[in-house]
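Here's the structure, in C-alpha cells; my notes come after.
Values quoted throughout were computed directly from the atomic coordinates according to the rules given, and no laboratory measurement underlies them. A quick note: this is a predicted structure, and the numbers were derived from the prediction, not measured. Cβ placement follows ideal geometry from the backbone for every residue including glycine, while neighbour counts extend to all protein chains displayed.
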Amino acid sequence: MVDQLWLWSMILLLPALGLGIYAQVKVNSSFSQYSRVASARGLTGAQAARLLLDSAGLQEVDIRVAGSRLTDHYDPRTRMLTLSADVGMSNSLAALGVAAHEVGHAIQHAEGYVAFRLRGAMVPMANLGTNLGIILFLVGLIFYRSGMLMGVGILLYSAAVLFTLVTLPVEIDASRRALALLADRNILVADEISGARKVLTAAALTYVAAAVMAILQLLRLIALSRRS
C-alpha cells in the first residue's frame, strides 16, 4: 500500500519538476543571449558593482571575481560580493544585470531589509529541515511506521519550505533595486534595461519553481503520513 502510494504521490511533483526544468532552460538561454550584447557605456560587472556600492556608501563591501557560471552571490557574513568571470569581467547586459542584483542584496543587508534578515536567520533550520527532515520522515514511514517520526520530519521540512517562500520577496526586491540602480546611475540606457530585466526575470522564475517544488513535496509528505 505504501509502495503504491509512494509511486502515485510522485505524480504530484511533476508540475514543479516541469516548471523547474523550464526555468533553468530559460535562465540559461536568457543569460547566453544577453551575454552577447555589450552595453554602450562599457563597464564590466565588477566595475559597475563597485560604482553602485560606493554610491550607496558601501565602500567596505569587497568584490572578488571567482567561481563558475551563475554562482554569483553576496555573503553578509564576510560582506563579500563574489562575481563569476562571466559577470565580473564582462560588459554585457546580462553581466551588468546580475552584478547589480547582487549589489541589491548588499543594500538590503545594509538597510536591514526585514525579509533579507529573516532569510539569513532561517538558513540553519532550513538546511536541517531539507536534510534531516526527509531522513526522519523516511525512517518513520519505511522502517518504524512511526507517526511521531514522520510528524517531526514534516515539521523540520516545513522550515525549508518557509525558507523558499521568504526567499521570493528577497530576490524580487533585489532585482527591482538592480534595474532602478542601473537606470539611475546611467550604467545602462533605456533600451538596454529590457535585456537586463529579461535575465533577472528568468532568474526569479527559478526561485518560484523551487518554492512550488517545496510546497508540493510538503503536501506529498503529509499525504503519505496520513495514508501509511
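Points worth noting:
- Members of region 169-184 that are surrounded by fewer than 20 Cβ atoms within 10 Å (Cβ to Cβ) and among the basic types (Lys, Arg): Arg176
- Output for region 127-163, where each listed residue is of a type in the set (S, T, N, Q), under 27 Å from the mean Cα position of the chain (by Cα) and more than 16 Å from Leu219 (Cα to Cα): Asn127, Asn131
- For region 185-209, taking the residues that are part of a helix (DSSP H, G or I) and charged (D, E, K, R), the one that is surrounded by the most Cβ atoms within 10 Å (Cβ to Cβ) is identified as Glu192.
- Any hit, region 99-109, residues being touching a residue at least 60 places away in the same chain (Cβ under 8 Å), among the acidic types (Asp, Glu), surrounded by 15 or more Cβ atoms within 10 Å (Cβ to Cβ) and closer than 27 Å to Gly57 by Cα: yes
- Just one of the listed residues (Ser55, Ser90, Ser84, Ser35) is surrounded by 18 or more Cβ atoms within 10 Å (Cβ to Cβ), under 26 Å from Arg119 (Cα atoms) and among the polar types (S, T, N, Q), and it is Ser84.
- Any chance Val166 is surrounded by 18 or more Cβ atoms within 10 Å (Cβ to Cβ), β-branched (Val, Ile, Thr) and in a helix (DSSP H, G or I): yes
- Restricting Met89, Met80 to residues that are within 19 Å of Val170 (Cα to Cα) and hydrophobic (A, V, I, L, M, F, W, C) narrows the list to Met80.
- Counted residues, region 110-126 - those being more than 18 Å from the chain's Cα centre (by Cα) and free of Cβ contacts under 8 Å to residues at least 24 places away in the same chain: 2
- Under the condition of being under 21 Å from the mean Cα position of the chain (by Cα), within 22 Å of Thr201 (Cα to Cα) and basic (Lys, Arg), the residues counted in region 29-80 number 1.
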